[in-house]
Amino acid sequence: MSADQPEALLRVEGLKTYFPVRGGVFLTAQAQCKAVDDVSIHIRPGETLGLVGESGCGKSTLGKTIVRLIKPTKGKILFDGADLSTLSDRALKPHRRQVQMIFQDPADSLNSRHSIGNILEEPFIIHGIGDASERDRRVAKLLDVVGLPSSAVERFPFEFSGGQRQRIGIARAISLNPKLVICDEPVSALDVSIQSQILNLLLDLQQEMNLSYLFIAHDLAVVKHVSDRIAIMYLGRIVEMGGADEVYERPKHPYTQALISAIPEPVPGGNRQRQILAGDVPSPIDPPSGCAFHTRCPHAQPKCREHRPELRDVVARTGDEHVVACHFDI
Ligand code: SF4
């Protein structure tokens, strides 16, 4: 970190989230699924860290572990002076106000039997904020901030379009004035024409509220648009991380290079060579030895099958961090 950069708001250190894989007559644990495997990241106040990877790479599990919807197996989640990884549910309550989540499918995350007014009022009730009239005033303000009419309070989630439902999900996430929001594929389920509206809303709110975002997506083009820094995840591990422009324009990991090559050119007829990745993401229950990417990497050498590369510094143009987990300079 350079001297003029603020201290991190969130610092995740060596985080592991493993799930037991059960089998047999007695459903005993027979293996472990290493969904998040030794991840370290940080996010500064007002900053967006984009987290990219294919489906099943562990990025959503990482987000849910940070907000403690899932208990970590090991590691630290240092947020605003506390280690969230070890706190009881009761001790977590004041911190939950500060760390909120926006989900991919707002239809799943909004209770279909509750009116929008009730959905947005609930966080205030849980945290004992205001009387009924104060809560009504706050709900009306939230609807205004996310661009929905005040009449929405009487209506139910099914009466809204996907984009409007995501606005409701965003209103709920910001209702308690959080510092950090985990955005888990917030535009993936929306039409392309609606995606930019939601992205612009998130960017406006970030400016107004000095929010920090962990922005999770499989679409590197979307992530580049909103992120200050980008982390690339493969089979539960970060394989590259750095400034958004730096990683996008000078990717060092073959996996990042393949993801970027798959982004459609802004100008038809550009000279980007698409790199097709062979095969699917291997199972995190039985990941490949050494570098987990070696089964799909066009540059793999014998060393890659035996030795796992750790993240190492590469020289970045911006002077900010740029790290990559590859044995070679590619
Ligand atoms: Fe490819 Fe080897 Fe680098 Fe892994 S360590 S990304 S297999 S070249």
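Can you tell me which residue among S161, S150 is of a type in the set (G, A, S) and open to solvent by 70 Å² or more (accessible area, probe 1.4 Å)? Working first, answer last.
Working: S161 fails: open to solvent by 70 Å² or more (accessible area, probe 1.4 Å).
Matching residue, one of S161, S150: S150.
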_Against the condition open to solvent by 40 Å² or more (accessible area, probe 1.4 Å) and hydroxyl-bearing (S, T, Y), how does S196 come out, does it pass?_
yes
_Number of the condition not met by Q32 [criteria: (1) at pLDDT below 85; (2) part of a strand (DSSP E or B); (3) open to solvent by 70 Å² or more (accessible area, probe 1.4 Å)]_ = (1)
*Please tell me if S109 is out of contact with any helix residue (DSSP H, G or I) (no Cβ under 9 Å at 6 or more places or on another chain), modelled with pLDDT under 95 and among the small types (G, A, S).*
no
*Can you spot a residue in the stretch 226-247 that is open to solvent by 10 Å² or more (accessible area, probe 1.4 Å) and free of Cβ contacts under 8 Å to residues at least 60 places away in the same chain?*
no
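For D80, indicate whether it is of a type in the set (D, E, K, R), in contact (Cβ under 8 Å) with a residue 60 or more places away in the chain and either buried (at least 18 other Cβ atoms within 10 Å of the Cβ) or farther than 24 Å from E7 by Cα (or both). Walk me through it before giving the result.
Numbers: of a type in the set (D, E, K, R): yes; in contact (Cβ under 8 Å) with a residue 60 or more places away in the chain: yes; either buried (at least 18 other Cβ atoms within 10 Å of the Cβ) or farther than 24 Å from E7 by Cα (or both): no.
No: the conditions fail for D80.
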*Pairs, first within 15 Å of the ligand (Cβ to nearest atom) in the stretch 250-262, second acidic (D, E), C-beta under 8 Å, six or more apart*: P251/E240; K252/E240; K252/D329; H253/E240; Y255/E240; T256/E240
*Provide a single number: the residues in the stretch 195-223 that are assigned to a helix (DSSP H, G or I) and not aliphatic (A, V, I, L, M).*
8
*Taking the condition over 21 Å from G63 (Cβ atoms), crowded, with 18+ Cβ neighbours inside 10 Å and basic (K, R), does R135 pass?*
yes
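Being within 21 Å of L9 (Cβ to Cβ), free of Cβ contacts under 8 Å to residues at least 24 places away in the same chain and of a type in the set (S, T, Y) narrows it down to one residue among T86, T48; which is it? Walk me through it before giving the result.
Details: T48 fails: free of Cβ contacts under 8 Å to residues at least 24 places away in the same chain.
Selected residue: T86, the only one of T86, T48 that is within 21 Å of L9 (Cβ to Cβ), free of Cβ contacts under 8 Å to residues at least 24 places away in the same chain and of a type in the set (S, T, Y).
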*Name the pairs: first residue in the stretch 272-299 and more than 20 Å from F328 (Cα to Cα) and assigned to a loop (DSSP other than H, G, I, E, B), second residue among the aliphatic types (A, V, I, L, M) and within 12 Å of the ligand (Cβ to nearest atom), Cβ to Cβ under 6 Å, at least 6 apart or on different chains?*
P284/L235; P287/L235
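Of everything in the stretch 96-121, what is without any contact (Cβ under 8 Å) to a residue 24 or more places away in the chain and open to solvent by 40 Å² or more (accessible area, probe 1.4 Å)? Give them in sequence order.
Restricting attention to the stretch 96-121, the residues satisfying the condition of being without any contact (Cβ under 8 Å) to a residue 24 or more places away in the chain are 108, 118, 121.
If the condition is that a residue be without any contact (Cβ under 8 Å) to a residue 24 or more places away in the chain and open to solvent by 40 Å² or more (accessible area, probe 1.4 Å), then D108, N118 are the ones that fit.
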*Within the stretch 279-330, how many residues turn out to be of a type in the set (A, V, I, L, M) and either surrounded by fewer than 13 Cβ atoms within 10 Å (Cβ to Cβ) or more than 16 Å from the ligand (Cβ to nearest atom) (or both)?*
3
*asked:* Out of everything in the stretch 172-193 that is of a type in the set (G, A, S) and over 18 Å from E47 (Cβ atoms), what residue ends up being most open to solvent (accessible area, probe 1.4 Å)?
replied: S193
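The values are calculated or read from the model by the stated rules, or taken from the named source; none is laboratory data. Remember, predicted model here, so these are calculated numbers, not experimental data. Heads up, the Cβs are rebuilt from the backbone with ideal geometry, glycines too, and the neighbour counts pull from every protein chain shown. Remember, those area values only see protein heavy atoms, side chains included, never the ligands or the DNA or RNA. Shrake-Rupley method; radii C 1.70, N 1.55, O 1.52, S 1.80 Å.
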